[in-house]
Structures are given as structure tokens and as C-alpha cells.
Amino acid sequence: MTHTLSSRTADAPPARGRLAVSPRARAVIEKLIGAVIVLWGAATAAFLAQIALPGDRATTILNVRSGQTQLRTPEELAPINAEYGLQNPILVQYLDYVGGLLRGDLGISYQQHRPVWGIISEQVGATLTLTAVTLVLAWGIMVFWVTLTAGRGPKIRALGSGVDTVTAGLPPYWLGILLLLVFALGLGWFPVIGGTGANGIVLPALTLAIPLAGFMGQATRTEFERSLTAPFIVTARMRGMSDLGIRLRHVLRHAVLPAVTLSGWAIGATISGAVIVESLFTRPGIGSVLITAVDSQDLPVVTGVVVLVAATYVIANLLVDLAYTVIDPRMKNS
């Protein structure tokens, strides 16, 4: 009798007042909560950085606008304090700041005296284009090189691994100058500065893509060579499939998961690296916006760029989690 009651209890449906959540939905909720925490942390750090800077912020704003560094009278500072709420307690300023972010308000530029989001939105398209081209080139270079050299003879494998290691450690600034000297100044194939067309994005994208391809290649190569010895590969060879077909159709699909993971990080890293590349190649983008804002102490613009990069990291990693289930259907049930 006891066993029968226990079985009925185990088989009974959940109570009506209790909401059943699937493991996959629970995982999505946890990732969203983690994303919100990361964004909140980045925004809070950016706000605290403004507070921690020495000097009076109202004086800084007036000096930035006038281009003159000097002391200001209380009468001069009063309108600035009222405009930005700087006379309020720090907690009130923080809550106003977070509330503005929730409304999509990144604040007002000290120097240009207009919304920060308007300033960033004018340049973010060029940076996102550079990021997309960089990722495509990095993936193309990585797939070609790993497929060509992984699992071959000892010398070819050593060459492939060595090239991955060297390229992953190349400083973007040094690599960009080298590409400019060879392909722009030497061969004249690409514009030296300010190229805005398809021809002008190749060298900046390669500057970021080559180290990224080496880094992803290091993570992919080990898994690629391990997959070459898997039982299903032996079966494919017995069916008469060519070595190239096996590498592209079977091995590559199992080996790219580490590179997919790194792609989420790479999107944010590429946007961060755009600060150097856009300055070096004199390209438009948020990199030039950030450099100008730092030089002029335009803190709201700096904060806006920081929050944008953090949001890009979060969104990219969420997309990577979705890409996992497309590449490897077994991930759907994990």
C-alpha cells in the first residue's frame, strides 16, 4: 500500500500554484540575470570613476567648454551644478544616472553639449562594420590554416602551431604599421589614411583579424586533432570519403566550439582594439570618439563608450550560447 501511494505521489502532476520551469528556460533566465549584473557593474564602475577623479566636476565642465583652465566663482558654477545635478548627494546622482541608462539616456556631453547617444550613434556604424569584417577574416584565416596543417606530419603540425603562437602575440599597433608600410606605402594597393570604401577597410580589419585568427587557431587546433581520431571519422574513411571532405564536413563542426566561445569575447575585444586601429588608420568610429573624449575630459562620452562596449560583450556572449545549439544539437538538452 505504501509503495502504491508513493508511486501515485511521484506520478502526480505539479500543483497548480507552482510554475514548472524547464532546465533550458532556467539556464536562459540565469544568463539574462548574469548579463544584467555585468551591465550594472560596468555602469557603476564608470560612474565611480567620474566621482573619484580629483577636482570639482562643475569646474571641469566649464574649463572644457571654454578651453581655459582656471578657478571658477560659485556664481559661475551654479548653473552647471543645476544642469547636471551635481549639487545633489552622490546616491541621488547615482540613482539619476542609472535611471537615465534604463531610459536609454547616456547623459549630455561636456564639450559638445548634446546627448552622448547621438554622438556615439554617428560613429558606431563604422566600428561595427570594422568588427564584422574582422570576424569574417579571422574565421576565414583560422579555418583555412587549421584545416591545412592540423593532424599532418610532425613538421607541418609544428609549423601550424608555431604560426598560431606568433600571430596571436602580435601587437596590433606594430602589425598595423607593418601592413601600412608594405601594402599601402610600398605596393600602393590600399590607401594610407582615411579610406572609407571597401578598399580602405582591408588593412584595419587584417590588423585585428590576424592576431585573433592565431588565438582562435590555438584553441581550435587541439580539438581538431582530437576529432580526427574519433570513431566516426574512421567510419567515414571506410566509406571512402576524401580527407578534405572529412575535415570540412565532420571534423571542423566538432572542433570550432572553442572558437565560437572566443568569438563572443572577440567582438568586445575588437571594438576595444578599434581605439588603436581607427587612430592609426585615421578611420571614423567610436575609437576616435573615445580618444577625443579622453583628451578633452568629456566624462559622459567616455562613460557611454564603456557602457556600450560592456553591452556588446553581454549580447555577443548570449548569441554565442544560441550558436552552440545550432552547431551542436546535443547542447539543447544540456
Spin-label pair THR229/GLU75, simplified geometry with 7 Å Cα→Cβ offset, distance in nm: 8.3 nm
Under-5 Å amide H pairs with ILE108, H placed in peptide plane, nonlocal only: VAL116
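At a Förster distance of 22 Å, what's the computed FRET efficiency of LEU181 paired with SER279, Cβ-Cβ distance as r, to 0.05?
Details: r = 17 Å, r/R0 = 0.77.
Approximately 0.80, to the nearest 0.05.
Using the beta-carbon distance between ARG237 and TRP117 and R0 = 45 Å, what value does 1/(1 + (r/R0)^6) give for FRET efficiency, to the nearest 0.05?
On the way: r = 56 Å, r/R0 = 1.25.
FRET efficiency, ARG237 to TRP117: 0.20.
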Accessible surface, per residue, of region 44-174 when the full set of protein chains is kept, probe 1.4 Å, Å²: 57 Å²
Residue-by-residue Karplus 3J(HN,Hα) for region 148-157, coefficients 6.51, -1.76, 1.60, Hz, glycine and proline x: 6, 10, 6, x, 8, x, x, 5, 5, 5
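Cβ under 15 Å from ARG65's Cβ, ARG65 left aside: what net charge do those residues give with Lys, Arg +1 and Asp, Glu -1?
Local net charge: -2.
The values are calculated or read from the model by the stated rules, or taken from the named source; none is laboratory data. Being a predicted model, the structure only gives us computed values, none of them experimental. Backbone-built Cβ (ideal geometry, glycine too); neighbour counts: all protein chains shown. Surface accessibility is based on the protein's heavy atoms, side chains included, excluding ligands, DNA and RNA. Shrake-Rupley method; radii C 1.70, N 1.55, O 1.52, S 1.80 Å.
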